[in-house]
Amino acid sequence: MKDKYDSRPDYCRRIIKSRRELATSSLVADRYACGQQIYRSRNSIVYQGWDTVSGNAVVLKKLPDGASPQRVAEFCREGTILKLQTHPGLIHGEGYFFSHEQHWLVMEPARGELLLDLLASGETCKWPIKFKIKILKNIACAIKALHKLRWEHGDIKPDNLFINTKDANVTILDYSSSAVIGSPRATQSYSPEWRPSWLLNGRIDTRADAYGLALLAISLWFPHKRVSEMKTISWIAYRFVKIVSKM
Ligand SMILES: Nc1ncnc2c1ncn2[C@@H]1O[C@H](COP(=O)(O)OP(=O)(O)OP(=O)(O)O)[C@@H](O)[C@H]1O
Ligand SMILES: [Mg+2]
């Protein structure tokens with residue numbers, strides 16, 4: 001896992017305090033000022049932003065040009081979940097907008113630090129066992145709140161989790177792989193390391209999220225192991241998580 005952390009692009013983590021910090025006059029959906037880019041991948045571009053109506057910082061996520069219709073549909077679905085859910089451990093937002101010929105999502109800025117960065121810096125090795133367990137419990141609660149709404153998250157991994165290192169509160173991001181429980185499962189995954197082939201069959205259920213939670217637990221205790229090296233131990237952890245969390 002370590003090499004993945006090392007190749008992570010640099011991005012800005014600070015939540016902005018005022019619109020003056022954004023050198024822009026054009027507004028997305030006539031309301032949201034779009035500022036500095038904080039992340040870019042082939043799937044999305046993420047920016048700091050400002051809601052000129054509520055006067056709060058926001059985060060804007062945009063689809064790169066030329067996105068496929070399937071990706072646009074996923075993006076709209078992500079917007080639906082952002083608006084729908086209210087659990088504090090799940091990122092909430094204003095949803096999907098089409099503006100300036102671009103597809104956008106508007107959401108609240110996640111508080112805390114990305115778990116990926118905390119693992120990479122070695123910070124998680126310093127955490128007491130009790131604190132790690134509290135974090136895993138909070139993640140499990142948030143995942144179960146999403147399951148209650150009949151959605152599977154589908155991409156539970158350190159890149160999609162913010163942790164508040166003071167109180168162990170968590171925020172789960174990124175509903176781009178989410179799907180309604182009971183619907184047919186897509187045969188491809190954006191994070192194949194985090195979802196083995198035996199989880200790609202049948203209908204959508206909660207197994208992938210239980211597996212993701214099990215891998216997170218292993219990452220907290222064995223931060224230097226590669227996910228791909230952990231096949232047997234991850235299967236055992238997965239069975240354990242399923243029994244303990246009744247997922
Ligand atoms: N609401 C937010 N608050 C703060 N940072 C965010 C927020 N949303 C996204 N980010 C940052 O942008 C990154 C990518 O966001 P996200 O996972 O939603 O996009 P993605 O399309 O899944 O990207 P990837 O394909 O790389 O997984 C996150 O890891 C995080 O660093
Ligand atoms: Mg992601």
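Annotations
- Rounded to the nearest 10 degrees, the inclination of helix 207-221 to the longest alpha-carbon principal axis of the chain is 80 degrees.
- Applying a threshold of 30 Å to the alpha-carbon distances of 83/134; 62/132; 83/242; 166/231 flags 62/132; 166/231 as lying beyond it.
- Relative to the longest principal axis of the Cα atoms of the chain, the long axis of helix 231-245 makes an angle of roughly 80 degrees.
- Residues 15, 218 in ascending order of nearby Cβ atoms (within 10 Å, fewest first): 15, 218.
- In this simple spin-label model, placing a label point 7 Å from the Cα along the Cα-to-Cβ direction at both residue 18 and residue 98 gives a separation of 3.8 nm.
- Each helix, a run of at least 4 DSSP H residues, gives -39500 (n - 2.57); summed and divided by the residues of the chain, these come to -10000 deg cm²/dmol at 222 nm.
- The range 37-100 - Rg over Rh from alpha carbon coordinates, Kirkwood radius: 0.96
- Extending 7 Å from Cα along the Cβ direction at residue 180 and again at residue 131 yields two label points whose distance is 4.2 nm.
- One quarter of the convex hull surface built on the alpha carbon atoms of the range 113-245 amounts to 7.4 nm², the projected area averaged over directions.
- Residues 141, 125, arranged from fewest to most other Cβ atoms within 10 angstrom of their Cβ, appear as 125, 141.
- Fully extending the segment from residue 232 to residue 43, taken as 0.36 nm per residue of separation minus the present Cα-Cα distance, adds 65.0 nm.
- Based on the Kirkwood approach, the hydrodynamic radius assigned to the range 79-142 is 14.1 Å, with every pair of different Cα atoms included.
- Sorted into 10 angstrom bins from 0, the C-alpha pair distances of the range 22-158 split as 11, 36, 34, 17, 3 percent.
- Projecting the alpha carbon convex hull of the chain along each direction and taking the average yields 13.1 nm².
- Note on 103, 153: ascending count of other Cβ atoms within 10 Å places them as 103, 153, the fewest first.
- Angle of helix 69-84 to the longest C-alpha principal axis of the chain, folded into 0 to 90 degrees and rounded to 10: 90°.
Since every read-out is calculated from the coordinates, none of them should be taken as a lab result. Being a predicted model, the structure only gives us computed values, none of them experimental. As a convention, Cβ positions derive from the backbone with ideal geometry for all residues, glycine included, and neighbour counts pool all protein chains shown.
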